[in-house]
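FYI, it's all coordinate maths here, none of it is from the lab. In this text, all values refer to a predicted model and were calculated from it rather than measured experimentally. FYI the Cβ positions are ideal-geometry reconstructions off the backbone, even for glycines, and counts take in every protein chain you see.
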């Protein structure tokens, strides 16, 4: 018995240490964001001796962070929603029908290809594209780009989720008089919901965190997103560590809250078959 | 898994509702700004009105920098008060702004009237037609502006080597300097009885320092930062970044001597200096841990600010130390008018206003590095801000960097070699001459090869 | 059904690819398109020592990060997959690093590593060692950057493998255990083979992303000291946007893409053979 107890203790201890390693940088960032400028350089301390919220107010007053937050949340919500719809609609026939010319395979390969392109390759072509359509430095432009990019990921994920669901269920609904689309909506989607959730989660994270594309395709706070906002604090001449840390915290908080709310679905969704 | 299907159908209701709800809100949220975005123009604020006659709003874009703070917070409002014209302002970080302004100019998207630029963007922006000629727009230059600062804005350059294609062109003004950013020596008067004049003076004091006090600190990051550390040394030893025929001028005895001098400070510099940039170098100095450093004028503001400086009232300024002469590098914040600007006349009016002697006097009144001689050498202001006359002297002594769109690449090549030389010197602790010579020669060869490859020089 | 998604995908894959490939064969001087140039750009970069070292650095980086992350992620998943209390919160804590924007991660670790404000130097001094100045020496800077990547992305591998573990059938495992097989035998003979496809998915995903790493390295070291951490995406970025050599940058990215595609083909073949 006691050997088992030791094993248990060792297990929890290890996990504890790992958790500490995972969380410590967060703490350090929060710590720095609450320190005054002179204290930051004065010597490393584990907690702020003279805490101040000045860094945060600087962020929102001088550095337009309210705009960045707003833009990010809006852009992410819309583009993920659009890509979920488009992607699932496309994933369905890929999962159900056997198309000619080996289209199933090639469609999946193309979807994967999009994921593979290094972001830098995309920057200039997208810049020119959006420029031609007058969508530079607009939220609409970013939404367009992100929707398209996410769609590929959605197709890839949802295709395997949908393939998991047995055909008889929709066949039954169609026999009862539903059209295929209605059957899809009423019967199949609810069953695929965990997969949708997992896909949505990954898409949200990837879109919110995108830096390079947002940096290149926007130039003012009307359309810039939070990661770009964080980078404005890494100036050429001077890094203001306090506000930079505060910016990091503000950049991380929405995602952390989101992750906390949906963490159950992460593993759940993946378990139900995406991992093929 | 199939056992759970009934579970699923009951629980799936809520999930479906959630997804629907989210999609619905998302669509609703999305619709409003989409409509708004369709309505307004895609540019960041320059609305349609008034592109003629100098009236009407203008849009200025810049990179974030402490030196731009008074411009952004005080003088734009002043302009509106005095002339009734509105000046919109946007800033983002340095790299992003370089990309954005260049793209805006190349594609002529017209989001901005004025680009605030770093001086080494001028050759590229002028040669590629990203900014337009101010002479052609009829801008009248204030003769009070210090010459060497003004000359940073001419293309082709008035002095120094030129690109083959522009060899016989008449220099025109493509950008106007608004802030004289130039290198100076910052020193802590606690450790120097009088203003140090030569590198030997600095070394003499450095030798007496004991940690945590350092005799010298520098920017060591590969690329542009370490080149800024090296240039005052190189110039003072009589070397050049490039000679008049575009051959590198730093791989000879002057350049090697200059680098060896930097290495001689190694025992008195922080060991992490090879990863230092302006923020670390300045922080060290302002915490009172370094006796002297060379830096651009932008940092002068903070020396008497108690929230960041522990050496209030102790910092003095002088020309960068000399060997044969003093040779600070000059930077400048410099404004170009976008070639796709919606309101060029308004941009000209603004720039003439900002560089007028009266406004520059007020600008210097806040401690900023004004561009006019009268403001920088004003007796009353000099008492209040002791760095102003030092800036004027530094500008007059300054040595410009090579004027070519390839300058960033040249700085990158030289800067990478310098950084590696520094890292090696720090770990080896000896053989400085050989380290300096081999790295500098490598950089010289790489730069020559690159220039040959570009085909626009020889 | 497929059409809208198809258009979206074509937009973000075909156009950038076409543009990138075309640019790699074009001669650009100071941003101006001067016409078709054949293989000149490729010749130039193959002779460029910095390009070759960037490819090598990227390869080193990918191999180090992906291999270590896979091993750690596997270990973590095995630890957490048992019956433990607080499984939910532990999982959340462990996946947090991967949800944060890489830019913010760069900022966080900059705050830790920086010799002026960070926590690393004081730790070393506490143990009586000299200041390590991690970011100021070539080898330590590379290790430092690799460490950040491991911190950030091990959670992803952990998550994927965990999902895989939880969907493994119980019976073969039980049968073997009843037969008296030891823990290690159990793992290597039963669990690991069944996890192979999951592992491959994780490795493939991570490799694709690791090759394009940009954000956090850029914030931490900008590629320095020297070019010790200058991965191909940073060099291509500088080449395109700092040195205005669009043609050469495009050629670099095409080379990168080819390398990635080769990796992918190998991985997909392996996956097919294994899961058949």
In what sequence, highest mean first, do B:62-70, A:59-67, B:326-334, A:216-224 appear when ranked by Cβ atoms within 10 angstrom? B:326-334, A:216-224, B:62-70, A:59-67
Once you average over the residues of B:248-258, how many Cβ atoms of partner chains fall within 10 Å of each Cβ? 0
Within chain B, the percent of DSSP beta bridges that are antiparallel, given to the nearest 5, stands at 70 percent
At a Förster radius of 60 Å, what calculated FRET efficiency corresponds to the Cβ-Cβ distance of residue A:9 and residue B:107, to the nearest 0.05? 0.40
Could you work out [θ]222 nm for chain A from helices alone, using -39500 (n - 2.57) per DSSP H run of at least four and dividing by all its residues? Round to the nearest 500 deg cm²/dmol. -25000 deg cm²/dmol
Per-residue ellipticity at 222 nm attributable to helices in chain C (runs of n ≥ 4 DSSP H, -39500 (n - 2.57) apiece, nearest 500 deg cm²/dmol) works out to -24000 deg cm²/dmol
At 20 °C and 1.002 mPa s, the Stokes-Einstein diffusion coefficient in µm²/s for the stretch B:218-308, with hydrodynamic radius from the Kirkwood sum on alpha carbon pairs, is 150 µm²/s
In nm, spacing of pseudo-spin labels at residue C:166 and residue B:211 (7 Å Cα→C-beta vector): 5.0 nm
For chain B, what does the relative contact order come out to in percent, with C-alpha contacts under 8 Å and a separation of six or more? 24 percent
Please state, rounded to one decimal and in Å, the Kirkwood hydrodynamic radius that the stretch A:46-117 gives when every pair of distinct Cα atoms enters the mean of 1/r. 16.6 Å
Mean shadow area of the stretch A:52-191, taken as a quarter of the surface of its Cα convex hull (nm²): 12.8 nm²
Stokes-Einstein D for the stretch A:109-229 at 4 °C, 1.567 mPa s, Kirkwood Rh over Cα pairs, in µm²/s? 79 µm²/s
Two decimals is fine: what is log10 I(q)/I(0) at q = 0.09, 0.10, 0.14 Å⁻¹ for chain B, from a Debye sum with one equal scatterer on every Cα and no solvent? -0.64, -0.76, -1.32
With the alpha-carbon atoms as the only input, what is the per residue convex hull volume for the stretch B:306-401 in Å³? 149 Å³
Prolate/oblate/rounded label for the stretch B:240-355 (Cα gyration tensor, a/c 1.5): oblate
Once the Cβ-Cβ distance between residue B:380 and residue B:197 is put in as r, and R0 is 41 Å, what FRET efficiency do you end up with, to the nearest 0.05? 0.95
Under a crude label model (7 Å from the Cα following the beta-carbon direction), how far is residue C:196 from residue A:73 in nanometres? 4.9 nm
Using alpha carbons only: equivalent-ellipsoid semi-axes of chain C, gyration tensor based, whole Å: 38, 28, 16
Quick check: pseudo-label points 7 Å beyond the Cα along Cα→Cβ at residue B:204 and residue B:452, how many nm apart are they? 4.7 nm
CD proxy, 222 nm, chain B: helix-only mean residue ellipticity via -39,500 (n - 2.57) per DSSP H run with n ≥ 4, per residue, nearest 500, stands at -13500 deg cm²/dmol
The base-10 log of I(q)/I(0) that the Debye equation returns for the stretch A:117-170 at q = 0.21, 0.28, 0.30 Å⁻¹, one scatterer per C-alpha, is -0.80, -1.10, -1.15
Over the stretch B:62-177, consider all pairs of different Cα atoms and compute the Kirkwood hydrodynamic radius from their mean reciprocal separation; express it in Å, one decimal. 15.6 Å
Burial ranking of peptide ranges A:251-257, B:250-256 (average Cβ count within 10 Å, highest at the top): B:250-256, A:251-257
Taking each residue in C:202-215, count the Cβ atoms of any other chain within 10 Å of its Cβ, then average. What number comes out? 3
No solvent, one uniform scatterer per C-alpha: report log10 I(q)/I(0) for the protein assembly as shown via the Debye equation at q = 0.08, 0.09 1/Å, two decimals. -0.82, -1.03
How much FRET efficiency would the formula 1/(1 + (r/R0)^6) give for residue A:260 and residue B:190, where r is the Cβ-Cβ distance and R0 is 30 Å, rounded to 0.05? 0.05
Taking only the Cα atoms of the stretch B:396-458, how large is their convex hull per residue, in Å³? 112 Å³
The value for the stretch C:1-137 (convex hull of the alpha-carbon atoms, volume per residue, Å³) is 255 Å³
From other protein chains only, count the Cβ atoms within 10 Å of every residue's Cβ in A:106-119, then give the mean. 6
Given chain A, what whole percent of its Cα pairs are spread farther than 33 Å? 40 percent
Highest mean first, what order results for B:186-197, B:314-325 on Cβ atoms within 10 Å? B:314-325, B:186-197
Counting only C-alpha contacts under 8 Å and six or more residues apart, can you give the relative contact order of the stretch B:350-395 as a whole percent? 27 percent
Taking only the alpha carbons of the stretch C:7-61, the radius of gyration and the largest Cα-Cα distance, Dmax, both in angstrom, are 14.4, 40
Mean projected area, convex hull of alpha-carbon positions in the stretch C:74-123, reported to one decimal in nm², is 5.0 nm²
Of the stretch B:288-322, those with amide N under 18 Å from the point 7 Å along the Cα→Cβ vector of residue B:264 are B:291-294, B:320-322
Would you mind calculating the gained length between residue A:17 and residue A:97 on full extension (0.36 nm times residue separation, minus the Cα-Cα distance), in nm to one decimal? 23.9 nm
Please compute P(r) over all alpha-carbon pairs of the stretch B:183-253, binned at 10 Å starting from zero, and give each bin as a whole-number percent. 16, 41, 31, 11, 2
